[in-house]
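Before any comments, here is the structure.
The values are calculated or read from the model by the stated rules, or taken from the named source; none is laboratory data. These numbers come from a predicted model, not from an experiment. Cβ atoms come from the backbone with ideal geometry, glycine included; neighbour counts cover every protein chain shown. We work out accessible area using only protein heavy atoms, side chains counted, and drop any ligands, DNA or RNA first. Shrake-Rupley method; radii C 1.70, N 1.55, O 1.52, S 1.80 Å.
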Amino acid sequence: MWSNFFLQQDEDGRAGMAALGGVGSKSGRSGKRSRPPRMSDSQEGKIKLAFFVALIGVTLTVLGMGTEFWVELSQPKHFRNNQTCEMAHYGLWKSCVHTLWVSDIDPERESCGPAELPGVPYVRGLLCVLESNCTFFKFYTSGENAVIFKKTTEKSLHIAGAMLALLSLFLMIMGSVCITMSLSKSVPFFLKPATICFVFSGILVLLSIIVFHQSVLVLLASDHSIPLHHELSWSVACLGSAAAILIFGGLMFLLLSLPYNPLEKCFRQQSSSDA
């Protein structure tokens, strides 16, 4: 009798432990964190396409920032009343002054120029350069202002434009890192930070162009002894295109980060209302 009693107690204890284990396992399962949703192959392909578009903007930005063809300053073609004239062009880091033959300039053009193509320092088509002098700005080292055709630059505006451009480049790098992590982890979590980085980098590029143009206007107003014609050159065109591409790429990442396609949702609502 006593042996049967102890066997019954042992079986009851095992049943209780099994019940407690089941409850604990359920609570443990419920306490686990849910994994972030994985990207589908189609979504990953769209992200790669948007990233390629953004990289085009990054490439154009680097090209525009590294060249000195932001603005061209040219004297009137017959200002010296001789066979040569002078023109200059500069960017964020360097300025160049060229002496050209008047006979090589387009007869319909009233001012000296245009500037030569990058990488071809002495000839642009049939336009020969007699003398070329390029110097780096000393804003960032000794703090000296530059003088171009007796006109003095405003270093504070110039430095502000350069800082905006460098900050935009930093945001592009951060956005690229976010997209790389998103593709490597196959999670869309990093798309929204990338959106912020690329959109703000495009805005900063536009602000850099505006500040730079303001510094050009201040330069022209510093002295009126030599009349100059100025025009923004192809580097600014690259930067403007880059800003638009970066903002567009950032908005593409924003759409891809949403859990649903807003266009499909609008079309579904419109079809249901028509039905």
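Structure data summary
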item	result
Top-ranked residue of the stretch 187-198 - restricted to ones that are of a type in the set (A, V, I, L, M, F, W, C) and buried (at least 20 other Cβ atoms within 10 Å of the Cβ), ranked as nearest to the chain's Cα centre (by Cα)	Phe198
Of all residues making up the stretch 216-275, the number that are more than 30 Å from Arg80 (Cα to Cα), at pLDDT 85 or above and aromatic (Phe, Trp, Tyr)	2
Some residue of the stretch 173-182 being within 30 Å of Ser74 (Cα to Cα) and in contact (Cβ under 8 Å) with a residue 60 or more places away in the chain	no
Number of the exception - Leu60 against (1) modelled with pLDDT under 90; (2) open to solvent by 10 Å² or more (accessible area, probe 1.4 Å)	(1)
All positions within the stretch 75-89 that are of a type outside the set (A, V, I, L, M, F, W, C), open to solvent by less than 10 Å² (accessible area, probe 1.4 Å) and either in a loop (DSSP other than H, G, I, E, B) or closer than 15 Å to Lys150 by Cβ (or both)	Gln75
Residue that is modelled with the highest pLDDT [pool: residues in the stretch 13-57 that are in a helix (DSSP H, G or I) and of a type in the set (D, E, K, R)]	Lys48
Residue that is least open to solvent (accessible area, probe 1.4 Å) [pool: residues in the stretch 202-234 that are under 16 Å from Asn145 (Cβ atoms) and of a type in the set (Ser, Thr, Tyr)]	Ser215
Residue check for Ile105: surrounded by 11 or more Cβ atoms within 10 Å (Cβ to Cβ), within 30 Å of Ser233 (Cα to Cα), at pLDDT 75 or above and not charged (D, E, K, R)	yes
Identity of the residue in the stretch 130-151, more than 14 Å from His89 (Cα to Cα) and surrounded by 13 or more Cβ atoms within 10 Å (Cβ to Cβ), that ends up modelled with the lowest pLDDT	Leu130
Unmet criterion (only one of (1) under 22 Å from Gly64 (Cβ atoms); (2) part of a helix (DSSP H, G or I); (3) touching a residue at least 40 places away in the same chain (Cβ under 8 Å)) for Ile159	(3)
